[in-house]
Amino acid sequence: MSTLSSVAVYCGSRTGQHPRYTEVALDVSDYLVDRQITLVNGGGSIGLMGVMADRVLARGGKAIGVIPLALKDKEVAHTEMTELLVVPDMHARKLTIVNLSDAFIALPGGFGTLDELFETLTWSQLHLHHKPVGLLNVDGYFDPLLAMADRMVNEGFVLPRARRLLLTADNIAGLMQLLEEPVPHSSAAKWE
């Protein structure tokens, strides 16, 4: 049994060019359901987000979606979620997801996925939460991003301890093992 009761998954509102992304989204969904971990996501019915919610719900798991009113009005909301929370805007969506989740995983996606990932990671760096943040690096999808994060450290823009907050694995079991370990924060909160 997992020590995590809910995990937010940031992922694409599209499924991408390769079937492997959908396969991994389904694997992550199965992993969560098998361990009775609630999926928290952006509440959409489309892309990898919808694929994951459909799988979790079909297997009897729990899925909580958080969607801004503007996107609900565009009829992309997943109306079959265990719970669908409608919030005023994107900032409220991100804050609500952080508050509902014990850990965070980013799967392949676009700008929105990276926005959610980096805001959550920045909040961790600033000690606004002490929850683990991870990347599931599917077939090297995030290799350029990880290289950029390392360059930020090498160029002096990111402290090494802040870089260590971004946990990475290429399979869900390995990533979940990392997410269940204590978050490597320093004892004193400092702006970094």
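Taking the conditions (1) in contact (Cβ under 8 Å) with a residue 60 or more places away in the chain; (2) open to solvent by less than 80 Å² (accessible area, probe 1.4 Å); (3) not in a loop (DSSP other than H, G, I, E, B) in turn, residue 13 satisfies each one other than (3). Within segment 4-27, the set of residues being polar (S, T, N, Q), closer than 23 Å to residue 101 by Cα and modelled with pLDDT of 95 or more comprises 5, 6, 22. If you go through segment 161-177 and keep only what is assigned to a helix (DSSP H, G or I) and either open to solvent by 70 Å² or more (accessible area, probe 1.4 Å) or at positive phi (or both), you end up with 161, 177. Total residues in segment 55-72 satisfying the condition of being over 16 Å from residue 7 (Cα atoms), open to solvent by 20 Å² or more (accessible area, probe 1.4 Å) and either part of a helix (DSSP H, G or I) or touching a strand residue (DSSP E or B) at 6+ places or on another chain (Cβ under 6 Å) (or both): the figure is 5.
Here residue 127 meets the list (1) under 23 Å from residue 158 (Cβ atoms); (2) at pLDDT below 95; (3) surrounded by 16 or more Cβ atoms within 10 Å (Cβ to Cβ) almost entirely, failing just condition (3). Of all the residues in segment 73-93, those that are assigned to a strand (DSSP E or B) and of a type in the set (A, V, I, L, M) number 5. Quick one: is residue 88 more than 27 Å from residue 160 (Cβ to Cβ) and either open to solvent by 30 Å² or more (accessible area, probe 1.4 Å) or aliphatic (A, V, I, L, M) (or both)? So residue 88 passes the test. When 24, 33, 56 are checked against the criterion of being in contact with a Pro (Cβ under 9 Å, 6 or more places away or on another chain), under 26 Å from residue 166 (Cα atoms) and of a type in the set (Val, Ile, Thr), 24 stands alone in meeting it. Annotation: of all residues in segment 136-157 being aliphatic (A, V, I, L, M) and either open to solvent by less than 40 Å² (accessible area, probe 1.4 Å) or in contact (Cβ under 8 Å) with a residue 24 or more places away in the chain (or both), the one that is nearest to residue 8 (Cα to Cα) is 136.
Residues in segment 70-99 that are closer than 11 Å to residue 45 by Cα and in contact (Cβ under 8 Å) with a residue 60 or more places away in the chain: 76 alone. Checking each residue in segment 1-53 for being among the aromatic types (Phe, Trp, Tyr) and over 12 Å from the mean Cα position of the chain (by Cα) picks out 21, 31.
Residues checked against (1) surrounded by fewer than 21 Cβ atoms within 10 Å (Cβ to Cβ); (2) in contact with a Lys or Arg (Cβ under 9 Å, 6 or more places away or on another chain); (3) part of a helix (DSSP H, G or I):
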site: 95; (1), (2), (3): yes, no, yes
site: 105; (1), (2), (3): no, no, no
site: 117; (1), (2), (3): no, no, yes
site: 122; (1), (2), (3): yes, no, yes
site: 134; (1), (2), (3): no, no, no
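The values are calculated or read from the model by the stated rules, or taken from the named source; none is laboratory data. If you're wondering where the values come from, they're calculated on a predicted model, not measured in any experiment. All Cβ positions, even for glycine, are placed from backbone atoms using ideal geometry, and neighbour counts span all protein chains on display. SASA here: full protein model, heavy atoms, side chains in, ligands and nucleic acids out. Shrake-Rupley method; radii C 1.70, N 1.55, O 1.52, S 1.80 Å.
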